[in-house]
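**Q** Supplied in C-alpha cells, the structure appears directly below.
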Amino acid sequence: MTVLDYLERRWDTVLELTIDHLVLVAGSVLLATTLGVLLGVLVHQRPRAATVLIATTSALFTVPSLAYFAMFMVFLGLGAQPSVLTLVIYALLPIVRNTITGLRQVDPAMVRSARGMGMGRVQTLTRVELPLALPVILSGVRIATVLTVGIAAVASYVGGPGLGSEIFGGLRSIGSVRAVPQATVGVLAIVAVTVVLDAVVALGGRLLTPKGLR
C-alpha cells in the first residue's frame, strides 16, 4: 500500500483528525497567549518577579510531556482537557519570555512622552507599550505554536484529539502493509498543520502590527 492509496481510503478520517489537531493547538496557544501576556505585563517592571516567573515556566518546560499527560489524566480523565492543559504549559515559556523582553525594549522616552500627553498607566500600556512590543511577543507566539504542534501528537496517549492516533496507529501495526503509509500520512499532516498555523500567526501579526513597525 502506498501513501496515496492510504490517503484515498481514509481521506475523511485524516481530514477530521487534521482539523482536530488544528483546533487543539490553536485553542491551547490562544489560552497560553492570554495567560502569558498577562503574566508578562504584570512582572516586566519587577525584576525579581520576572526572574521567578521565567525560572518557573522554564522548569515546567523541562518536564516530559508524557508525565504531564499521565498526571492530568488522573484528575481530568481522558480526552481534550489534559491535552489542552499540557500544551498551555509548554507554550507559556516562549510567550512569557518574549512579552517581558518586548516590553523592556520599549524606549523609555516613548513612555514618558505618553505620560506627558496625559495618558494613564493602562492607556500607556495598551496604546504605546504593547503595540511597540508586539513584534517580539508574536515571535514568541510563533515559537510556541510550532512547539505545541509536535507535542500535541503525544496527546493521543490520553485519548486526546489530533493526528497522534495516525502515527501511533502506524507504529502499533508495524509489519502490516498499512503501517508505513499510516505513520507517514500522520507526520506529513502534522507538518502541514505547522505550516498553516505559522502562516496564520505571521499574517495576524502583520495585520496587527502598526505600519511604522513592520
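The values are calculated or read from the model by the stated rules, or taken from the named source; none is laboratory data. For clarity, every value in this text was computed on a predicted model and none was experimentally measured. Here the Cβ positions follow ideal geometry from the backbone for every residue, glycine too, while neighbour counts run over all protein chains shown. We work out accessible area using only protein heavy atoms, side chains counted, and drop any ligands, DNA or RNA first. Shrake-Rupley method; radii C 1.70, N 1.55, O 1.52, S 1.80 Å.
**Q** What is the gain in length, in nm to one decimal, between Ala70 and Gln123 on full extension, counting 0.36 nm per residue of separation less the C-alpha to C-alpha distance? Write out the running numbers ahead of the final one.
**A** Working: separation 53, 0.36 × 53 = 19.08 nm, distance 4.32 nm.
So the extension gain works out to 14.8 nm.
**Q** Taking segment 1-135 as the region of interest, what is the percent of Cα-Cα pairs per 5 angstrom bin, listed from the shortest bin to the one with the maximum distance?
**A** For segment 1-135, the binned pair fractions read 2, 9, 14, 15, 14, 12, 10, 8, 6, 5, 3, 1, 1, 0, 0 percent.
**Q** What is the extension gain from Thr209 to Thr13, computed as 0.36 nm multiplied by their sequence separation minus the C-alpha to C-alpha distance, in nm to one decimal?
**A** 66.8 nm
**Q** Moving to a separate point now. Tell me, what % of the accessible area of the chain is carbon and sulfur with a 1.4 angstrom probe? Mind dumping the intermediate values first?
**A** Details: 7830 of 11320 Å².
Carbon and sulfur together cover 69 percent of it.
**Q** Just to confirm, what accessible area per residue do you get for segment 104-214 at 1.4 Å probe, in whole Å²?
**A** In whole numbers, segment 104-214 has 53 Å² accessible per residue.
**Q** I would also like to ask the following. Students often check this: by mean Cβ neighbours within 10 Å, which of 158-171, 89-102 ranks highest, and how do the rest follow?
**A** Highest-to-lowest ranking by the protection proxy: 89-102, 158-171.
**Q** Dipole magnitude of the chain about its Cα centre, charges +1 at Lys/Arg Cβ and -1 at Asp/Glu Cβ only, in debye to the nearest 20?
**A** Here the chain has a charge dipole of around 1020 debye.
**Q** Can you tell me the accessible area per residue over segment 28-96, all protein chains present, probe 1.4 angstrom, in square angstrom?
**A** Result: 51 Å² of accessible area for each residue.
**Q** If you line up the long axis of helix 130-152 against the longest principal axis of the chain, both from Cα atoms, how many degrees apart are they, to the nearest 10?
**A** 20 degrees
**Q** Which residues among segment 103-125 fall inside the zone where the amide N is under 20 Å from a point 7 Å beyond the Cα of Thr51, along Cα→Cβ?
**A** Residues 103-105 qualify, since their backbone N sits under 20 Å from the label point.
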